[in-house]
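K.L.:
Here it is: the structure, laid out below.
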Amino acid sequence: MIKQKLYLTAVLMLLVNLKSYSQERQLPLSEAWEAAFSRYPGLTEKQALIRESEYQKRELQNDFLPNLQLQLQNSYGTFAGSTGAFFPLPGTFNVSGNPAISGASAAANTFGSVLVDWRVFEFGRQRKAVQAAKANIQKAESTFDATKLSVQAKVSRLYSDILYTGSKQQWAKDNAERVKEIVELSKTLADAGLKPGADTLLAASSYLQTLGELDDWTGRLEASKVRLTELVPINEKSVYFGFSNYLSAAPLSPADTSTAGHPYLNVISDQVENDKLRAEVAARKLFPSVSVLGGLSSRGSGIGSNGLINSGWSSGFNNQNSNYLIGVGLTWNISSAFNSITERNRIKQQQAATQSRFEAQSLQLNTGLQSVNSRLNESRKQVEKTNSAVDKARKAYDLYLSRYQNGLINLTELLQIQLLLQQSEKVNIEAYQQFWDQVIARSELSGDFSYLSNQFK
């Protein structure tokens, strides 16, 4: 008996959990942002570019470490010497020997060496190159932030479009309910002989039109949810949206008209800094490099100091001689020094072009923000007026519906009043659509989405 009760309890708990899991949950706008940030390929691409820039910096720093080369050889061949001179181009090998030696014509050889080339002074070229690499990392990070802001704005627009189409669907549903009520009322009055039967047909025709419009907005709503999944990896069937918040708005605080530090501007300003450092690196190519050189070598041969030749392979490890060599070297690429002037001038022109682009972008953001703020003030007034118009239209409709019930007006007049109410509600929703479009534009231009986050929780 106890086991049976425990079994039933477990089954009930499982059913409750499944029911809770299957229920739709509301998707706040902030959660949609975070989902897009974590999964959108455009952002993961920018994150990979940041890591690439970091590896480029490490690679550059490693180039400034001492250049250490090790070679080991074990060979067998002739040793006939010759006089003359040649350039040691690839495809040649060095042979040294005494022509007076007689006997075997080939012997084994071993050779090993370690060479160090450390560029210790390059007139600041190394330091500027590292600074340019750091600036490149900063630019990659700014590009990520700018892309993140762009994604945030795009998600907000898609989210707002869902709320707009959802509000229009509810508007169409309310219209259908009102016209359905008129159909039932006209049928009742016609059955009682108080109204002509044609009223029922006219009301039914209007009802079918509202049902068709409801189907249209239902399809648009589903399509807008699918479009959101491009950025937000969700199952549109498992979430719902708070449509009621779309037709209400909290008071707007004055926006900051300054766009300094905006992510879109930071990308360009970081590019200006990067061009400046690249020009300084190019200018320092005019100077030579000073290196510390060092080497160790060990050599063996089957040819002894007495001129005796042992042609065995293992004899190449005999007669070992070791040497070292240290020194200071100066390398000056004259052609590179000449080209560095042209390269520096070219990069400076790139820097000037990027600076002009920064000023143009800054002007565009500032004027855009001022324009949006001006339009938002008027949009807010429009929303308040359309809200009042809807309230009055609904009260008027209720009065005219009562007059129709009492036989004081005909059906055509009532349908006209219903159409006016329908139009008032439509204008109200579209006014809110324009308002939220401007809010999203202001959020992107200012880089501040806190108002939208608080509105659509």
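The values are calculated or read from the model by the stated rules, or taken from the named source; none is laboratory data. Remember, it's a predicted structure, so these values are computed and weren't measured experimentally. Counting neighbours? That spans all protein chains shown, and the Cβs are built from the backbone with ideal geometry, glycine included.
K.L.:
Hey, can you tell me all the residues within the stretch 267-308 that are outside any loop (DSSP other than H, G, I, E, B) and either in contact with a Gly (Cβ under 6 Å, 6 or more places away or on another chain) or among the polar types (S, T, N, Q) (or both)? Before the answer, list the steps.
P.N.:
We begin by selecting, within the stretch 267-308, every residue outside any loop (DSSP other than H, G, I, E, B); these are 267-286, 289-301, 303.
Result: Ser269, Gln271, Asn274, Arg284, Ser289, Ser291, Leu293, Ser297, Ser298, Gly300, Ser301.
K.L.:
Within the stretch 197-215, track down each residue that is closer than 10 Å to Ser186 by Cβ and either of a type in the set (Asp, Glu) or touching a Gly at 6+ places or on another chain (Cβ under 7 Å) (or both).
P.N.:
Asp199
K.L.:
What number of residues in the stretch 164-202 are more than 18 Å from Tyr397 (Cβ to Cβ), among the small types (Gly, Ala, Ser) and buried (at least 19 other Cβ atoms within 10 Å of the Cβ)? Break it down into steps so the answer makes sense when it comes.
P.N.:
Of the stretch 164-202, the ones more than 18 Å from Tyr397 (Cβ to Cβ) are 164-169, 187-188, 190-198, 200-201.
Keeping just the survivors that are among the small types (Gly, Ala, Ser) gives 166-167, 190, 192-193, 197-198.
If we keep only those that are buried (at least 19 other Cβ atoms within 10 Å of the Cβ) too, we end up with 166-167.
So the count comes out to 2.
Each row is one residue, and each column tells you yes or no for (1) touching a helix residue (DSSP H, G or I) at 6+ places or on another chain (Cβ under 6 Å); (2) within 30 Å of Ser156 (Cβ to Cβ); (3) small (Gly, Ala, Ser).
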{"position": "Leu399", "(1), (2), (3)": "no, no, no"}
{"position": "Glu413", "(1), (2), (3)": "no, no, no"}
{"position": "Val427", "(1), (2), (3)": "yes, yes, no"}
{"position": "Ala431", "(1), (2), (3)": "yes, yes, yes"}
{"position": "Asp437", "(1), (2), (3)": "no, yes, no"}
{"position": "Ile440", "(1), (2), (3)": "yes, yes, no"}
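K.L.:
Going by the conditions given, is Ser315 hydroxyl-bearing (Ser, Thr, Tyr), in contact (Cβ under 8 Å) with a residue 60 or more places away in the chain and under 30 Å from Glu359 (Cβ atoms)?
P.N.:
When the stated conditions are applied, Ser315 does not pass them.
K.L.:
Checking Asp199 against (1) outside any helix (DSSP H, G or I); (2) in contact (Cβ under 8 Å) with a residue 40 or more places away in the chain; (3) more than 30 Å from Ile341 (Cβ to Cβ), only one condition comes out false. Which one?
P.N.:
(1)
K.L.:
Let me ask something else. For the stretch 374-424, enumerate the residues that are over 16 Å from Ala190 (Cα atoms), aliphatic (A, V, I, L, M) and more than 54 Å from the chain's Cα centre (by Cα).
P.N.:
Matches in the stretch 374-424: Leu399 only.
K.L.:
Also: Mind checking which residues of the stretch 174-229 are closer than 18 Å to Tyr404 by Cα and among the β-branched types (Val, Ile, Thr)?
P.N.:
Matches in the stretch 174-229: Val179, Ile182, Val183, Thr188, Thr200.
K.L.:
Mind checking which residues of the stretch 378-406 are within 23 Å of Ala204 (Cβ to Cβ) and either in contact with a Leu (Cβ under 6 Å, 6 or more places away or on another chain) or charged (D, E, K, R) (or both)?
P.N.:
First pass over the stretch 378-406, keeping only residues within 23 Å of Ala204 (Cβ to Cβ): 397-398, 400-406.
Within the stretch 378-406, Tyr397, Asp398, Tyr400, Arg403, Tyr404 qualify.
K.L.:
Right, here's the next one. Consider Leu376 carefully, then state whether it is under 27 Å from Arg442 (Cα atoms) and either exposed (fewer than 12 other Cβ atoms within 10 Å of the Cβ) or among the polar types (S, T, N, Q) (or both).
P.N.:
Values: under 27 Å from Arg442 (Cα atoms): yes; either exposed (fewer than 12 other Cβ atoms within 10 Å of the Cβ) or among the polar types (S, T, N, Q) (or both): no.
No, not satisfied.
K.L.:
Where the second residue is surrounded by fewer than 17 Cβ atoms within 10 Å (Cβ to Cβ) and not in a helix (DSSP H, G or I) and the first is hydrophobic (A, V, I, L, M, F, W, C) and lies in the stretch 363-382, which pairs have Cβ atoms under 8 Å and are six or more apart or on separate chains?
P.N.:
From residues that are hydrophobic (A, V, I, L, M, F, W, C), the pairs are Leu369/Thr257; Leu376/Leu252.
K.L.:
Restricting the search to the stretch 320-369, which residues are in a helix (DSSP H, G or I) and either at positive phi or among the hydroxyl-bearing types (Ser, Thr, Tyr) (or both)? Walk me through it before giving the result.
P.N.:
Residues of the stretch 320-369 that are in a helix (DSSP H, G or I), as a first pass: 334-369.
Scanning the stretch 320-369 gives Ser335, Ser336, Ser340, Thr342, Thr354, Ser356, Ser362, Thr367.
K.L.:
Kindly state which helices (runs of 4 or more DSSP H) lie completely within the stretch 1-116 and contain at least 2 residues that are at pLDDT 75 or above and under 30 Å from Ala133 (Cα atoms). Before you say what the answer is, go through the steps one by one.
P.N.:
Values: elements: 2-22, 29-39, 41-63.
Output list reads 29-39, 41-63.
K.L.:
Moving on to the next point. Quick one: is Ser205 of a type in the set (S, T, N, Q), at pLDDT below 90, part of a helix (DSSP H, G or I) and surrounded by fewer than 19 Cβ atoms within 10 Å (Cβ to Cβ)? Outline the logic, then answer.
P.N.:
Working: of a type in the set (S, T, N, Q): yes; at pLDDT below 90: yes; part of a helix (DSSP H, G or I): yes; surrounded by fewer than 19 Cβ atoms within 10 Å (Cβ to Cβ): yes.
Yes.
K.L.:
Ok, one more. Is it the case that some residue within the stretch 323-336 is over 30 Å from Gly300 (Cα atoms), surrounded by 11 or more Cβ atoms within 10 Å (Cβ to Cβ) and among the small types (Gly, Ala, Ser)?
P.N.:
Checked against the condition, which is being over 30 Å from Gly300 (Cα atoms), surrounded by 11 or more Cβ atoms within 10 Å (Cβ to Cβ) and among the small types (Gly, Ala, Ser), the stretch 323-336 yields at least one hit.
K.L.:
Among the candidates Ser248, Ser269, which residue alone is surrounded by 18 or more Cβ atoms within 10 Å (Cβ to Cβ), modelled with pLDDT of 85 or more and under 30 Å from Leu452 (Cβ atoms)? Explain how you work it out, then say what you get.
P.N.:
Working: Ser248 fails: surrounded by 18 or more Cβ atoms within 10 Å (Cβ to Cβ).
None of the others qualify; the one that does is Ser269.
K.L.:
Of Tyr246, Tyr264, which residue is of a type outside the set (Gly, Ala, Ser), part of a helix (DSSP H, G or I) and either free of Cβ contacts under 8 Å to residues at least 40 places away in the same chain or touching a Phe, Trp or Tyr at 6+ places or on another chain (Cβ under 8 Å) (or both)? Give the derivation first.
P.N.:
Values: Tyr264 fails: either free of Cβ contacts under 8 Å to residues at least 40 places away in the same chain or touching a Phe, Trp or Tyr at 6+ places or on another chain (Cβ under 8 Å) (or both).
Criteria check complete, one pass: Tyr246.
K.L.:
Checking Val372 against (1) among the aliphatic types (A, V, I, L, M); (2) more than 29 Å from Trp33 (Cβ to Cβ); (3) assigned to a helix (DSSP H, G or I), which single condition isn't satisfied?
P.N.:
Unmet for Val372, out of (1) among the aliphatic types (A, V, I, L, M); (2) more than 29 Å from Trp33 (Cβ to Cβ); (3) assigned to a helix (DSSP H, G or I): (2).
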